[in-house]
Structure formats: C-alpha cells, structure tokens
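Below is one structure; the comments refer to it alone.
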Amino acid sequence: MGLLDELISSLSHSDEKVKDVRVGITWTGVLSRNLGMAKTYPAPHGFKVKGAGRLIGKSALELAEYSRSWNLIEAGIGVAALNSLIEPKGEKINVLDFIIEQGRGRKIAMVGHFPRTDEIREVAQELWVLEKNPQLGDFPDTAADYLIPQADIIAITGSALVNKSLEHLLELSQGYTIIFGPSAPMSEVLLHWGVDMIGGTKVIDAESALLKISQGGNSVPQFKEELEFLVMKR
C-alpha cells in the first residue's frame, strides 16, 4: 500500500461526520472529531471541487479520500479531513531548536521555507533549501534527487503530503528525517515509513482557527493562540 492508503486505512475505525470545512488562501480546515489543517495549494481556474457546498455532513473518511486527488484544492481538503480524525499527542519540543542543536557541522536539507534559516545556516556545514518556486539562495525542488541523499538531517514540510511528493522524498532520505507543520499527520504510520520525528499541531481553539483560515490567515505565527505544537519520535 502507498502512504495515503495506509494513513486512511489506519483511521477506518474512527469515522466522524464533518461539521465544517473552510478553504482559505493559505490553509484549509476540516472540523470533525478535531479541527484538522492542511496547506491550500492553488488549482488552475476551472478545476472544480467535487461536492462544493455539500461537504458538511459527509463522512470525514469520505473527505479523506480527496487526499488522493490531483486537484490540489481537493487534496488539501482530504489531508485536513484525515488530520481531523487523528488525536494529536506528543512532547512539547521546538523542532527548529532541535535542528539547530543537532545540525552543528552537519549537512541539512529543508524542503520548504521555514523560519530561522539564517540561524541554521550559521551552524550547519551545508544548508540546502529546496523550493518549487526558489528564492535567491534556494535550490529548485528538482535538486532533491541529488541533495537529499547527501543530507544528515532532512526537514520536510507536511504539505508534501498534499502535493504527493512526500513518498519520493522519504525514499531519497538517508539521514534523520523530520516532517513538520500543520499539514503533518501525527500518525505512527509516518514513523513506519522511516520518519524519525513528526512535528505536528493540535488545535486548541477550533472556532478561532476557522475564522482565521477563512479570513486569510497566512503564516503559522498568526495561529499561535489557536495551535499547540507537539512532537512524536520514532
């Protein structure tokens, strides 16, 4: 089975009805047992979300199937629905502090833009930031096949599950592998797939988080009052 197959299968016993769905400019939220979040990726004009306007009341597992879609708006809804069925648990560890402490003199690859890259670059032997839309100093995401196998620490945005790149990135990784961000499912399935650390989120104020999502809430720090950051380790 593929990664999405295993994640969905692991939740087949815990279905809930969907109480709310919000697709914001940066984040998508699905409320069922909990509020699950995922990255909103834009889709070309004309890509339609199946059942738009009729998603509330559906089974959260039915919406989790949207995670398989190549319409990335649907995929974001699917990953958020999947996360809404997971009860987040773990330790309160700052993932970026961990990377800075453990990354001294080591080669680090980061898939996605994260805060504090200047601090990480100061301590690392090498820091490679891979991005689909690279900024100055970044590498294009196509460099992943060449750079990730060389890295001692690999930090991957949870949104890689939404855009379907995560499985391949995990295949490439030979070092200590971290997946983190609001899109990251806090599921032991990821640990079985070779992830060493999951830095996920628990939504502690769903109502406020949904308002921020639907009103253009952008960066994760904007949600600091609504989210609790937790870490699971293998």
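Here, each number is a calculation from the coordinates, and none is a lab measurement. As the structure is a computational prediction, the values presented were derived from the model and not from experiment. For neighbour counting, all protein chains shown are included, and Cβ atoms are generated from backbone atoms with ideal geometry for every residue, glycine included.
Where the only charges are on Cβ atoms (+1 Lys, Arg; -1 Asp, Glu), what is the dipole of segment 100-234 about its Cα centre, to the nearest 20 debye?
Details: 12 positive and 19 negative charges, 19 e Å.
Dipole size: approximately 80 debye.
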### Task
Would you mind checking which residues have amide H under 5 Å from PHE47's amide H? H placed 1.01 Å from N; only 5 or more apart, or other chain.
none
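Please work out the Cα convex hull volume for the chain and give it in Å³ per residue.
118 Å³
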### Summary
Taking N as the residue count of segment 1-85, its alpha carbon Rg divided by 2.2 N^0.38 Å gives 0.98
## Note on the structure
Listed by chain and number, the lysines with an alpha carbon less than 28 angstrom from that of LYS50, same-chain partners under 8 positions apart left out, are LYS17, LYS19, LYS39, LYS58, LYS132, LYS164, LYS202, LYS212
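VAL123 to GLU87: extension gain in nm, 0.36 nm per residue of separation minus the Cα-Cα distance? Walk me through the numbers before you get to the answer.
Details: separation 36, 0.36 × 36 = 12.96 nm, distance 3.49 nm.
Length difference between fully extended and current span is 9.5 nm.
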### Query
Under a plain spin-label model, where a point goes 7 Å from the Cα along Cα-to-Cβ, how far apart in nm are LEU191 and ASN94?
2.5 nm
